[in-house]
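S.K.: This is the structure I want to talk about, given as structure tokens.
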Amino acid sequence: METLISYFESIPSSHRALILAGGIALFWLIESAVPFVKFKYNKWQHAGINIFFTLTTIVVNFCLAFILIRTAQWTVDHQFGLLHWLPEMSSWLFTVTGLLLLDFIGAYLAHLVEHKVRFLWRFHLIHHTDTWIDTTSGNRHHPGESVIRFVFTTIGVLLVGCPMWLVFLYQTLSVVATQFTHANIALPKKADKIISYVLVSPDMHKVHHHYVLPFTDSNYGNIFSVWDRLFGTFRTLDREQIVYGVDTHMKPEEHNKLANLLAIPFQKYRSPQSEE
Ligand SMILES: [Zn+2]
Ligand SMILES: [Zn+2]
């Protein structure tokens, strides 16, 4: 455990980049060999758009990282945040509790708010416009959304009282989890269901990418599925019935053009429809 902590205390940026690229490469190979949906798309052109958004996410996070590092250090120096106010814990329990709390405030709540606040949805919408969900879709975030998410992460770190090694650990797990839940693969249904009792499984997250409400507004979880189950936002839909995308932007000329995707938050708002 101590080794893990000291590794994440000073994880080199090159290792973080390697995990990101290695994860995409691994899931890319698997989904090319045994794709769940046989999309009629240009995988490289599609990946080009999503990797552009992954790179802008990296740039935003890199430029703002000093704020996160200072916040984390401040909570440790001032013993501020939930982790410091809870009774003394073993390092394992401390780590798991920290990951769960960060997942709740910095990811689950942030994601839910992005769906409920129209201004934030304008940016998050870009993630949902993808009609060919594969492993590259995981980090398809408009640069504006990357800033919004960064703010929520910082608030999460502050309230949880996370030391920086725990933030790095969470982010590393989150990158791989996101690539896994978006990958165009199909686990045996039973295995997917068992995973979904603890973690967000591929089937669980793909329900969130079904093109109409109320499915879009469900399964907000990032790493752990407990928050959706606890707060009643958990939904299932048979994987064969899922149609990826968002009903307001189903035209390829809108969701498959980089310039338009960048412009969507500033275009006229369109109300989503509901199936119910
Ligand atoms: Zn969403
Ligand atoms: Zn997604």
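The values are calculated or read from the model by the stated rules, or taken from the named source; none is laboratory data. Everything quoted here is computed from the prediction, not taken from an experiment. Please note: Cβ atoms are built from the backbone with ideal geometry, for glycine as well, and neighbour counts cover all protein chains shown. Side chains are part of the model used for accessible areas, which takes the heavy atoms of the whole protein and leaves out ligands, DNA and RNA. Shrake-Rupley method; radii C 1.70, N 1.55, O 1.52, S 1.80 Å.
S.K.: Length gain on complete extension for the stretch SER13 to LYS251, per 0.36 nm per residue less the alpha carbon to alpha carbon distance?
M.R.: 81.9 nm
S.K.: Give the lysines whose C-alpha is closer than 30 Å to that of LYS189, dropping any in the same chain fewer than 8 places away, or say none.
M.R.: Partners found: LYS38, LYS40, LYS43, LYS206.
S.K.: Probe radius 1.4 Å, ligands and nucleic acids ignored: give me the carbon and sulfur share of the accessible area of segment 2-188 as a rounded percent.
M.R.: 74 percent
S.K.: Between ASP217 and VAL59, what FRET efficiency comes out of the Förster formula 1/(1 + (r/R0)^6) with R0 = 30 Å and r the beta carbon distance, rounded to 0.05?
M.R.: 0.50
S.K.: Which of the trypsin sites (Lys or Arg not before Pro) across segment 231-276 are loop residues per DSSP, with 11 or fewer other Cβ within 10 Å?
M.R.: Loop-located and lightly packed - LYS268.
S.K.: Then there's this: Got a sec to turn the phi values of segment 121-126 into Karplus ³J(HN,Hα) couplings, 6.51 cos²θ - 1.76 cosθ + 1.60 with θ = phi - 60°, whole Hz, x for Gly and Pro?
M.R.: Per residue, the Karplus-derived 3J(HN,Hα) values read 4, 3, 8, 5, 3, 4 Hz.
S.K.: How far is helix 43-77 tilted off the main Cα axis of the chain, in degrees rounded to 10, range 0 to 90?
M.R.: 20 degrees
S.K.: How much mean residue ellipticity at 222 nm does the chain get from its helices, if each DSSP H run of length 4 or more adds -39500 (n - 2.57) and you divide by all residues, to the nearest 500 deg cm²/dmol?
M.R.: Computed mean residue ellipticity for the chain: -18500 deg cm²/dmol.
S.K.: Let me ask something else. Using Cα positions and a limit of under 15 Å, work out the aspartates and glutamates in reach of LYS116, with same-chain residues fewer than 8 apart set aside.
M.R.: GLU145, ASP217
S.K.: Over the chain, with a Gaussian network built from C-alpha contacts below 10 Å, which listed residue (GLY106, GLY144, GLY232) shows the highest mean-square fluctuation?
M.R.: GLY232
S.K.: Now a separate question. If the only charges are +1 at each Lys and Arg Cβ and -1 at each Asp and Glu Cβ, what is the size of the charge dipole of segment 1-86 around the Cα centre, to the nearest 20 debye?
M.R.: Computed about the Cα centre, the dipole is about 500 debye.
S.K.: Take ARG270 and ARG118, extend 7 Å from each Cα along the Cα→Cβ direction, and tell me the distance between the two endpoints in nm.
M.R.: A separation of 1.6 nm, rounded to one decimal place.
S.K.: From Cα pairs below 8 angstrom and at least 6 apart in sequence, can you work out the relative contact order of segment 2-188, rounded to a whole percent?
M.R.: 42 percent
S.K.: Also, quick follow-up: Evaluate the charge dipole of the chain about its Cα centre and quote only its size in Debye, nearest 20, assuming +1 on the Cβ of each Lys and Arg and -1 on the Cβ of each Asp and Glu.
M.R.: 560 debye
S.K.: Okay, next question. Check the straight Cα-Cα distances from LYS251 and name the aspartates and glutamates below 13 Å, setting aside those fewer than 8 residues away within the same chain.
M.R.: Of all the aspartates and glutamates, those that pass the test against LYS251 - Cα under 13 Å, at least 8 places apart if same chain - are ASP130.
S.K.: Give me the distance in nm between label points sitting 7 Å out from Cα along the Cα-to-Cβ direction at VAL96 and GLN79, one decimal.
M.R.: 2.6 nm
S.K.: Sequence-distant or interchain residues sharing an amide H contact under 5 Å with LEU213, placed H: which?
M.R.: GLN273, GLU275
S.K.: Once label points are set 7 Å from the Cα along Cα→Cβ at both ARG239 and ALA191, what is their separation, rounded to one decimal in nm?
M.R.: In this crude label model, ARG239 to ALA191 measures out at 1.0 nm.
S.K.: Still on this structure, I have one more. If you find the alpha carbon centre of segment 235-251 and of segment 145-200, how far apart are they in angstrom?
M.R.: With segment 235-251 and segment 145-200 each reduced to a Cα centre, they are spaced 22 Å.
S.K.: Same structure, new question: Accessible area per residue, 1.4 Å probe, Å², for segment 2-188: what's the number?
M.R.: 47 Å²
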